[in-house]
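We did not get these values from a lab; they are worked out from the coordinates using the rules stated. From a predicted model like this one, the values you see are computed outputs, not experimental measurements. FYI the Cβ positions are ideal-geometry reconstructions off the backbone, even for glycines, and counts take in every protein chain you see.
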Amino acid sequence: MKYVLSKFSHELSNPLTALNSSIQMIELQHPEVKDFKFWSNLNYNVEYMRRLLTDFSDLSKSETLNYSTFSLRTLLEQVSLSFAAIIADSKVEYTSKIAPSIHQITGDKTKLQEVFLNLLKNAFDAASPDKTIYLDASLQGDSIVISIRDTGCGMTNEQLKTIFEPFVTYKKNGTGLGLPICQKIITAHGGNISISSVVNEGTTVTITLPVSSLSL
């Protein structure tokens, strides 16, 4: 099944890439087309399909980790700086607390960075202006626990039941594949990801990574 899905994604990406190239060529040769009533909507839908196809491909293929040993604390600090820069022009407040006891781990640095940044962006999408996003990372026994919390709109219990199902999304313009991909990456690292939420109060995503299987 995974082969069929991967093949389907690959075959569909070819005409989609050609369509995107054609749109860019039309804009280059006929700049006035940008003023056409439905042109921006066409661009949006093509970009959405490209993003959906990329996420779908990531979800369907086998998760192969490129292991290296690195400082998880440094990675989290870098992610925090990147995220702070992304939301700099907003009124959302972001704070982080990363315990100095978190040191080197062995894992896929790029994949974990993808997870943390994706979850922070989700929190930002859920947070209304003047709200707050928190990132907390600590060493608890044999586990590294990373929580990302927002004081946003929150979710109902019914929504939480389906939050990790592919193509299920409660976010405007979402693909419904981001969280399943995050779950797949964390599971591949021997960890766990869970979500708790209260409507009109906010959402907390908790990632637990086992120190015993990751650290040297």
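Taking 25 Å as the cut-off for C-alpha to C-alpha distance, list the pairs among LYS111/LYS131; LYS161/LYS184; LYS91/LYS121 that go past it. The partial results should precede the final answer.
Numbers: LYS111/LYS131 28 Å; LYS161/LYS184 17 Å; LYS91/LYS121 14 Å.
Violating the 25 Å Cα-Cα cut-off are LYS111/LYS131.
Using Cβ contacts closer than 10 Å as the measure, can you line up GLU77, GLU114 from fewest to most?
GLU77, GLU114
The order of the peptides 66-73, 37-44 by mean Cβ neighbours within 10 Å, most packed first, is 66-73, 37-44.
Here the Karplus relation 6.51 cos²θ - 1.76 cosθ + 1.60, evaluated at θ = phi - 60°, turns the backbone of region 182-199 into coupling constants of 4, 4, 5, 5, 5, 4, 5, 8, x, x, 9, 10, 9, 9, 10, 7, 10, 4 Hz, with x for every Gly and Pro.
Shown in residue order for region 94-111 are the 3J(HN,Hα) couplings computed by the Karplus curve 6.51 cos²θ - 1.76 cosθ + 1.60 at θ = phi - 60°: 10, 10, 9, 9, 10, 5, x, 6, 7, 10, 6, 9, 10, x, 9, 4, 5, 5 Hz (x for Gly and Pro). Backbone amide hydrogens, once placed in the peptide plane, bring PHE167 within less than 5 Å of LEU177, excluding anything fewer than 5 places away on its chain.
For ILE87, ILE133, the sequence from fewest to most other C-beta atoms within 10 Å is ILE87, ILE133. Sorted ascending by nearby beta carbons within 10 Å, beginning with the fewest, PHE36, PHE124, PHE167 become PHE36, PHE167, PHE124.
With a Förster radius of 41 Å applied to the C-beta separation of SER68 and LYS34, the computed FRET efficiency comes to 0.40. Computed 3J(HN,Hα) for region 117-124, one whole-Hz value per residue from the Karplus formula 6.51 cos²θ - 1.76 cosθ + 1.60 where θ = phi - 60°, is 5, 5, 5, 5, 5, 4, 5, 5, glycine and proline marked x.
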